[in-house]
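Structure, as structure tokens:
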Amino acid sequence: MFKTDPLCNRPGFQMKFSNGWTISVQWHHGSYCDGRNSENGESPNAEIAIWDSKGEWYDFGNDTVKGYCSTDEVAGWINIVSKWA
């Protein structure tokens, strides 16, 4: 479960790693997630986007945003991205 303060209008976060890559995790209105209309700031899944230090977005094969990711999947992507050269 992803959760934030219900008063926050754009729940999510970004992590920029020392290798220059950034991952964005979002679960708000407009995001590809089941909680996009949640009034309590919760969602069972979230969308992710990843980009390099030059601002070039990672392509997941059919889009540069991957939606409906579980917490385990997000954790896996964080681990992968943190190790990219």
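The values are calculated or read from the model by the stated rules, or taken from the named source; none is laboratory data. Here the structure is a predicted model, which means the values were calculated and not measured. Here Cβ is always computed from backbone atoms with ideal geometry, including for glycine, and neighbour counts include all displayed protein chains.
Annotation note: of 35, 61, the sole residue that is in contact with a Ser or Thr (Cβ under 7 Å, 6 or more places away or on another chain) and not in a strand (DSSP E or B) is 35. On the stretch given as the range 1-27, residues that are farther than 14 Å from residue 68 by Cβ, part of a loop (DSSP other than H, G, I, E, B), out of contact with any helix residue (DSSP H, G or I) (no Cβ under 9 Å at 6 or more places or on another chain) and modelled with pLDDT of 85 or more total 1. Looking across the range 15-49, the residues that are among the small types (Gly, Ala, Ser) and in contact (Cβ under 8 Å) with a residue 40 or more places away in the chain come down to 43, 46. Considering the range 38-57, and only residues there that are in a loop (DSSP other than H, G, I, E, B) and hydroxyl-bearing (Ser, Thr, Tyr), the residue that is surrounded by the fewest Cβ atoms within 10 Å (Cβ to Cβ) turns out to be 53.
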